Each structure stands twice: as structure tokens, then as C-alpha cells.
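Peer 1: Can you keep this structure in mind? I'll have questions shortly.
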Amino acid sequence: MHPALQGLITIIVGVGGCIGYFYLSNQILDRFIFPPTGDNAGRNINRANMVRPWLFLFPAIFALGLYLAYPVVETLRLSFTDRDAGGAFVGFDNYSQMMSEPKFWEAMRNNMLWLIVVPAASTAFGLLAAQLTDRIGWGNIAKSLVFMPMAISFVGASVIFKLIYDTRAADQEQIGVLNAVWLSFEGGPLSFLFLRIVPALLVLAFGAFMAYGVYLSLRPLIWGENRRGRGSWWAIPLRAVVALGGAWLLWLSVKSIFSLLTVSLPYGQPQTWLTIPFWNNFFLMVVLIWIQTGFAMVILSAALRGIPEETVEAAVIDGANPFDIFFKIKVPQIMGTIVVVWTTITLVVLKVFDIVFAMTNGQWETQVLANYMFDKLFRASDWGVGSASAIVIMLLVSPILIWNVYNARKEMR
Amino acid sequence: MSSIAGSKSGLTWAVHLSVLALVLLWLFPTVGLFISSFRTADQISTSGWWNALFPAEQGLVLRTGTAADQVQDGNLFVVSGNLFADNDENTDATISTWGTSSRDISAYEPGETADLGDDGRLTVGANGDYRLESDAELTSRRGERVFVTAKTPPEFTLQNYERILFSGSTTDSMAKAFFNTLTVTIPATVIPIVIAAFAAYALAWMRFPGRALLIAAVVALLVVPLQLALIPLLRLHLGIGIGKGYLGVWLAHTGFGLPLAVYLLRNYMVGLPRDIIENAKVDGATDFQIFTKIILPLSFPALASFAIFQFLWTWNDLLVAKVFLIDATGETTVMTNQIVELLGTRGGNWEILATAAFVSIAVPLVVFFAMQRYLVRGLLAGSVK
């Protein structure tokens, strides 16, 4: 049978089956099981109304349970078993085997980089684009063009960016934009300005930002102040972790400023960008940032529009300049939305698979967890370690999961 | 006052310019792919796509006609013709300089005559017309080599699309993958909507114990990574005999799409006016009637938003298709997978890659621009909470 025909039949059977199920089950409930007539009419109506929600919910609960809830439990179980040993329970063997693999740690390190860089960059660009496009007449057109990559598949985007990163031998004309731009630098004063001073300043700004973040997170610990009065027990370790992360990034940026200023750049030689260890991760991240910025922009732009005019007007009357208005009036008011955007992009990052798979397949030290897991599953056929790495992804996601559920429940009250 | 006005307009200009820069930066990659898909393999490999919009200066080695083409004109032996036409090059090109030796390829201007000694005298015009005349009969079996520097106008071709869509080539053709993708996408978009709509109605408008818990569960399942589901579900599918195929991928997409569908639709339905529903109840409508006659039509915007999400997600998906659909025969390959394979086998053939990629992103782009309003609304409903 032709698959298209099969598809059509599936639609008819699926949709018809669903509607038929809902219709018939309601009919049966009302006509035969609890008919609203006779002696017990009142009681029957009440009973029928108690059962009915579950009729409406059953297909969804069944599908959600089978396709999402059950796999979580089953993956956890599989991560403690060994496929070759006939599914015997092996305790934490899979985990310790995974931990002893350098590829896993490479994937972890890269994932952490992705987790920091991509949400930060996408949110920042999105905020910038939202703020700028809200102020001009053709803003909506601009927005829809920046938003457009959302519709492009990760695979399609990978092809697009592979063309940008393409490399030809030095004596040929470059067809990749990045190499064409790179070869236009020859080591003169302009190259010094654009390839050393400007990036160094950017990294310096990032480092300063991180230092400020470390200071902010450590301040209450050092001075023992607890003004908010919410001295939860988990606040102290959380602050310590944030401060440690910040300090690590600060150290990284100081190191990179030094290397930026001292490294000798291979001018005039075309680079194979995707094979340069460490930096190639950033070339992959650019793809995701390019896609996710539009998302951040759309959400943040709606939030910016929701800001009460009076607060901005009051600031203008008080003589605030546009930057003050943006950073001190607008950003604090949309902080909640920024957090939502940030976490949503974080979720996308944790599951990123297609980009790495299509562009490097984890070679040249670009492995990430999702691709590592796919590798274990379908190339090494090692379901135990594959499941273990899936559980690691789940663990990384779970803080966001808990936070979302907590917020959703708070809202419903 | 004037200084304030001046700084204001200066700032406005800065805003316009930075938005323009941002938009161009964001469009640039896609435009590159789009233009490349209309260029021939030669063009792509000899110049960057950003040069394709302007006349390109090209160095060519062309040959004149051979001795066999000569005609006798009085006591002269003449070979004439057009260099570009004779060599199957673009005839719209204009020669800026030319030469007859590889050591000096720009020895002559168009219209000048080169003395080739025993081989005669060669005159080449700007449009490529040449005339080679000699006092003695020409004997050379090969034509004279002419090195020309020519400006060729931009030239685009549809042959890549023909090759990708209609050639039937086993490695390059996307036609089958295109229909496979459609076959995956449409049922995988329609079925979750129906299931989710009923569930969302129950969660929004029916009172029963455990409702809050169920909503919390949906919110939790919203973020469960797909990766966890792969092994257990593949085992399940293989175990109950579905195996790898369309049915499996439809079911998988339905399951993975449900949390978002239920969440979006419930949030929307909760916001519908209570009066309408209560009036209908007073008039004796059953829940089923309320749902089909009132809730569904009113929820159209939310249904449309989810439909677009699910469509884009299933169309662009690679992982689920790779795990649940594509078997060893590769008969059921989808476009994303086909492109990844082309990246492996045709890594350097950008005309094939660019065209294949553009074919696969064209449909989502059309949907995106046509239904953007609903997409934005869905994003806002799904995130700003």
C-alpha cells in the first residue's frame, strides 16, 4: 500500500476513532450505565458527571503515560542493567563506565559551554532586537525576518552554516564567507584592532560582568546580611555554586584575554573552522543562537509592550537617559519573562542533537550529551550506557522541571 | 531645545541602522543558501555566492576553430567565429583583455590584432568574435589557444532543482523523501490535536479530584527530554510488532506533542467566558455538545497555534524519524535524514546540498510567513506564564 494512502487512512481512523470513542463512550455512559431517568435519576447524573472527565482524559493520559512517563522509569531501570548480560542488574556499572570515558567528560564540558553561551547570547540578542524594533515603523517586518530561522530545521541550518564555514585551498577563491573575511585581514593595524583589541574588550566586558555576578552572589555570605528574610537552607550552597561557576568563567576570560593579545594568528591561511578544537564549539553554537534569537525576541517584545507607560514616562520626566530607562526601568520589570525565555532556550540546548550530528558528529572535540547518547545507542549498541547518559540529561533538566511545576501550581491557586 | 531634538533624531537613525544591520546579518546565511541553489557547480566552486549578483571577472582558456573550419577568402585562409559560442561558454560575457600566451594573458585589448608568426594573425573583439587569417593554408589540427579575461553577467539556473526534484536519481532525488516527510507530518499533526482538545476541555472546565495534579504532571512532562523515550519505546515498538515504520513515528510524535498541546489548549480554554458554557448547560447541552459546538470553534486560534508548532517540529525533526521510522532499506527516509546523508556523500557538491536544503526549508518557510500570527500567539501562550 502506498504510504500516502496509508497516511490518509491513519488520519481518518485516528481522528474518526478519537471522535467516535468520545461520542460513543459518552452515549454509553448516559444511556446505559447511568441513565438520567427512573428512580435514581439525580444520583445517576452525579455519577455520570464523576466518570465523564476520565472519559475525556483517557486517551491523553494513556498516550502521555506510555510515551513519556513510562520511558522515564524504564530508562532509569535500563541504566542499571546490561544488555549483553541478558538485562541483568549491574548497579552503577554503566555510570562508572561512562564516567571513565574521556568522550563523556568532553560532552559534559561542551554541554556546559553551550548552556552558558547559547541562552545568554540568544536572550541578549533577542532583548536588543525587541527593544530596537519596537521603536520603528518597519519593526514588524524586521521582527518577522529575524524570527524566520525558527521555521528552519536544525539540519537545514547546519547546511546553511557549513556553507559559511567552507574552506578552500589557499590558492583558490574562497566560497565560505568566514574564510573570505578572514583572508582580508593581513596583520596590519586594522587586523590588530578587529582581531585583538575588539575581542579582548568584549571578553573583558564579559569578565567584568562575571566578576560582578560573583560579587553579588557572595555578598550576603560574606557580610552575613539576609535582608530578604528568606534564608532558605539551599540558598547558601546555591550561591556558592553560582559563585564558583562565575569565578571559573572569570578565570577563563582573563586567560583568553592574555592569549588573544599574545597568540600569533595564521594570517593568509584559510582555516577549517570546524576542526579547531574548543573554538569549533562556538561555531556550532552560532547556529543555535541564530535560530533561537527570534524566539527570545518575540516573547521579550510582547513583555516590553506590557510594561506600563507611566513608569517609563516618570523616568523620562526625572531625566533618565534611554540607557537608564532600558536597564533600570524596563529590564527589571520583564525579569520574569527573561527567566522564562532563558529556561526555555536552556531546554532546547540540553536536547541539541541535530546540529552537532549534521555538522561534526562529535568529532574534533565537539561532542555533546545528546549526540553522545545517540552514538552509544545506535552505533555502539550499548543500551546501558546510553540510558545512563539519558538519565544525566534528565538530571540536568529536572531543576527546570521542578521550577516550572512549582510556578504552575502557584499560579493556579 | 534644538540640541535635544538633534540627539533624538540621531538616536532614531542609530536605531534604524542597527536594526537594518541586525536584519541583514540574520538574513545573510539563508540568502547565501538560496542564491547558491541557483548556481551551477562551476560557478559555486570558482566564486563566492556574494559575487553572483555582480558581473564576475573570469579568466578563461578558449580555443579558436581548427584548420578544418578554414575558408579561403581571396588569397587568405580565414577561420572565424565566436570564442564563447564555440567553447560553450556564456555568450553574454565581455572580454576586457586577452592574450595568446599563458605568460602574458592580457597582452591585447579587444579589437587589436596579434601576430602569431607562421600561424597567422588573430583579431578578437570584445564580444568574443574572432578572425584568424593566414597567408598560407592552416594545418594545425587543434585551434589556437586564447587566454581571455572576461566579465560575465550574473547567471542563474534551475537545473539544480530539476536534478533534486525530477531527475529520479537514487542518491540526489528528494522527491521521495519529500512525500515521506509529508506522510509523517500530517497525521502526526492532526491526531494529537484531537486527543489533546478533549483532555484540555476536561482539565479546563470539568471538576474532578486530581485535576491539579494532572495539570502539574502535564507541565512536568512538557520538559522531559525526548532522549529518555528513545530506548524504551523502540523496545516497545519492536516488542509489540509495530517495528520501525510510519505507525511508530506517528504514535511517537503524537505522544511527544501531547504535553504542549494539552498545556496550550487548556490555557486557552480556561480563558473562554464562563457564561456561555453555563448558559449552554442550563439549556440542557451535554458536555460533549458543549465541547463540539462551543469550545472547539472558539478555540480555533489555539488549535491553529499548536498545529503550526507540531507541523514545524515534525517536518524539521531528525531524531525521532531516525529512531522510529528509517529502517535499513532507507525506503522511508525523510528530508532531514536525506540531507545529512548528502552531507556525507556529496560534501563538496554545494549545488546539490544547497538545493536539497532549500527544498526542505521552503515548506516551513511558507507556513511560517502565512501563519506567523498564530505562531506568535502560541509562543506567548506557551511561555509567558
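The values are calculated or read from the model by the stated rules, or taken from the named source; none is laboratory data. Quick caveat: nothing in here was measured; it's all calculated off a predicted structure. Don't worry about glycine lacking a Cβ; one is built from the backbone with ideal geometry, like all the others, and counts go over all protein chains shown. For accessibility, only protein heavy atoms count, side chains too; no ligands or nucleic acids. Shrake-Rupley method; radii C 1.70, N 1.55, O 1.52, S 1.80 Å.
Peer 1: Counting partner chain Cβ atoms within 10 Å of every residue's Cβ in A:389-397, what's the average?
Peer 2: 3
Peer 1: Which one of B:LEU213, B:LEU312, B:LEU353 has the biggest mean-square fluctuation once chain B is modelled by GNM with Cα springs under 10 Å?
Peer 2: Highest fluctuation of the listed residues: B:LEU213.
Peer 1: If I ignore ligands, DNA and RNA and count only protein heavy atoms, how much of A:VAL339 is accessible to a 1.4 Å probe, in Å² to the nearest 10?
Peer 2: A:VAL339 exposes around 60 Å² with every protein chain in place.
Peer 1: Further question on the same structure: Helix-only estimate, please: 222 nm mean residue ellipticity of chain A, summing -39500 (n - 2.57) across DSSP H runs of length 4 or more and dividing by its residues, to the nearest 500. Please report the intermediate quantities before stating the final value.
Peer 2: Values: 17 runs with 277 residues, N = 413.
Dividing the helical sum by the residues of chain A leaves -22500 deg cm²/dmol.
Peer 1: What is the distance in Å between the Cα centres of the stretch B:186-260 and the stretch B:90-152?
Peer 2: 72 Å
Peer 1: Ignoring everything except DSSP H segments at least 4 long, calculate the 222 nm mean residue ellipticity for chain B; use -39,500 (n - 2.57) per segment, divide by total residues, nearest 500.
Peer 2: Details: 14 runs with 211 residues, N = 385.
Calculated mean residue ellipticity at 222 nm is -18000 deg cm²/dmol.
Peer 1: Report, in order of residue number, the helices in chain B meeting two criteria: a C-alpha extent of 20 Å or more along the helix axis, and a mean Kyte-Doolittle hydropathy of at least 0.0; treat each whole DSSP H run as one helix. Walk me through the numbers before you get to the answer.
Peer 2: On the way: long enough: B:2-36 (49 Å, 1.41); B:175-205 (46 Å, 1.52); B:227-240 (21 Å, 1.46); B:246-270 (34 Å, 0.97); B:300-316 (24 Å, 0.99); B:350-370 (29 Å, 2.06).
Both cut-offs are met by B:2-36, B:175-205, B:227-240, B:246-270, B:300-316, B:350-370.
Peer 1: Choose one answer from A:SER301, A:SER264, A:SER96: the residue with the largest mean-square fluctuation in a GNM of chain A with alpha-carbon springs under 10 Å.
Peer 2: So, out of A:SER301, A:SER264, A:SER96, the one fluctuating most is A:SER264.
Peer 1: May I pose another question? Rounded, prolate or oblate: which fits the stretch A:11-152 when a ≥ b ≥ c are the square roots of the eigenvalues of the alpha-carbon gyration tensor, with rounded for a/c under 1.5 and prolate only if a/b beats b/c?
Peer 2: Since a/c reaches 1.5 but b/c is at least a/b, the shape of the stretch A:11-152 is classed as oblate.
Peer 1: Give the separation of the Cα centroids, the stretch B:261-312 to the stretch B:347-368, in Å.
Peer 2: Answer, in whole Å: 37.
Peer 1: How big is the Rg/Rh ratio for the stretch B:2-51, C-alpha atoms only, Rh by Kirkwood, two decimals?
Peer 2: Details: Rg = 18.3 Å, Rh = 13.4 Å.
Checking Rg against Rh, the ratio lands at 1.36.
Peer 1: Would you kindly derive the ³J(HN,Hα) couplings of the stretch A:337-349 from the backbone phi angles with the Karplus curve 6.51 cos²θ - 1.76 cosθ + 1.60 (θ = phi - 60°), listing them in order in whole Hz, with x for Gly and Pro?
Peer 2: Taking θ as phi minus 60°, the curve returns 5, 4, 4, 4, 4, 4, 5, 4, 5, 4, 4, 4, 4 Hz for the stretch A:337-349.
Peer 1: Hey, another quick one. Based on the alpha-carbon gyration tensor of the stretch A:93-224 and its eigenvalue square roots a ≥ b ≥ c, which shape applies: rounded if a/c is under 1.5, prolate if not and a/b is larger than b/c, or oblate? Can you show the working numbers first?
Peer 2: Values: a/c = 1.39, a/b = 1.17, b/c = 1.19.
Verdict is rounded for the stretch A:93-224.
Peer 1: Can I ask one more? Taking each residue in B:249-260, count the Cβ atoms of any other chain within 10 Å of its Cβ, then average. What number comes out?
Peer 2: Values: counts 0, 5, 5, 1, 1, 5, 11, 4, 2, 7, 5, 0.
If you average over the peptide's residues, the count of other-chain Cβ atoms is 4.
Peer 1: Moving on. For the protein assembly as shown, take the convex hull of the Cα atoms, compute a quarter of its surface area, and give me that in nm², please. Spell out each step's value before the answer.
Peer 2: Details: hull surface 193.4 nm².
Dividing the Cα hull surface by four gives the mean projection, 48.4 nm².
Peer 1: Here is a further query. Which order do you get for B:HIS237, B:HIS16 if you rank them by accessible area with a 1.4 Å probe, largest at the top? Each step should come with its number before you reach the end.
Peer 2: Numbers: B:HIS237 0, B:HIS16 55 Å².
Heavy-atom accessible area, descending, gives B:HIS16, B:HIS237.
Peer 1: Let me ask you something else. What average count of beta carbons from other chains do you get within 10 Å of the Cβ of residues in A:13-20? Don't skip to the end; give the middle numbers.
Peer 2: Working: counts 2, 10, 6, 1, 2, 8, 4, 0.
So the per-residue partner count for this stretch is 4.
Peer 1: Additional query: Please report the net charge: other residues with Cβ closer than 14 Å to the Cβ of B:PHE166, K and R +1, D and E -1.
Peer 2: Working: positive: B:ARG163, B:LYS176; negative: B:GLU162, B:ASP172.
With Lys, Arg at +1 and Asp, Glu at -1, the net is 0.
Peer 1: List, in order, the whole-Hz ³J(HN,Hα) value for each residue of the stretch A:127-142 obtained from phi through the Karplus relation with A = 6.51, B = -1.76, C = 1.60 and θ = phi - 60°; use x for Gly and Pro.
Peer 2: Couplings: 5, 4, 5, 5, 5, 6, 6, 5, 9, 10, x, 9, x, 5, 5, 4 Hz.
Peer 1: I would also like to ask the following. First select every other residue whose beta carbon is under 14 angstrom from the beta carbon of B:ASP88; then total the charges, Lys and Arg +1, Asp and Glu -1. Please list the in-between numbers first.
Peer 2: Numbers: positive: B:ARG63; negative: B:ASP42, B:ASP86, B:GLU89, B:ASP92, B:GLU155.
Around B:ASP88, the charge tally is -4.
Peer 1: Round to the nearest 10 and give me the degree value, 0 to 90, for the angle of helix A:154-164's Cα axis relative to the longest principal axis of chain A.
Peer 2: Its long axis makes an angle of about 10 degrees.
Peer 1: Still on this structure: Using only Cα atoms and rounding to the nearest 10 degrees, what angle (0 to 90) does helix A:41-64 make with the longest principal axis of chain A?
Peer 2: 40 degrees
Peer 1: On a 0 to 90 degree scale, rounded to 10, what angle separates helix A:279-305 from the longest Cα axis of chain A?
Peer 2: Tilt of helix A:279-305: around 60 degrees.
Peer 1: Convex hull over the Cα atoms of chain B, averaged projected area in nm²? List each step's numbers first, then the result.
Peer 2: Working: hull surface 138.0 nm².
For chain B, averaging the hull's shadow over all directions gives 34.5 nm².
Peer 1: Determine the sum of side-chain charges near B:PHE300: Lys and Arg each +1, Asp and Glu each -1, restricted to other residues whose C-beta is under 15 angstrom from that of B:PHE300. Can you show the working numbers first?
Peer 2: Values: positive: B:LYS293, B:ARG373, B:ARG377; negative: none.
Charge balance near B:PHE300 sits at +3.
Peer 1: Still on this structure: For the pairs A:LYS376/B:LYS322; A:LYS330/A:LYS410; A:LYS103/A:LYS376; B:LYS176/B:LYS322, note any where the Cα-Cα span goes beyond 18 Å.
Peer 2: Those over the limit are A:LYS330/A:LYS410.
Peer 1: Could you work out how far the C-alpha centroid of the stretch A:317-352 sits from that of the stretch A:151-225, in angstrom?
Peer 2: Distance between centres, Cα-based: 22 Å.
Peer 1: Convert each backbone phi in the stretch A:359-364 into a coupling constant with the Karplus relation 6.51 cos²θ - 1.76 cosθ + 1.60 (shift: θ = phi - 60°), then list the ³J(HN,Hα) values in order as whole Hz, x for Gly and Pro.
Peer 2: 8, 10, 6, x, 6, 6
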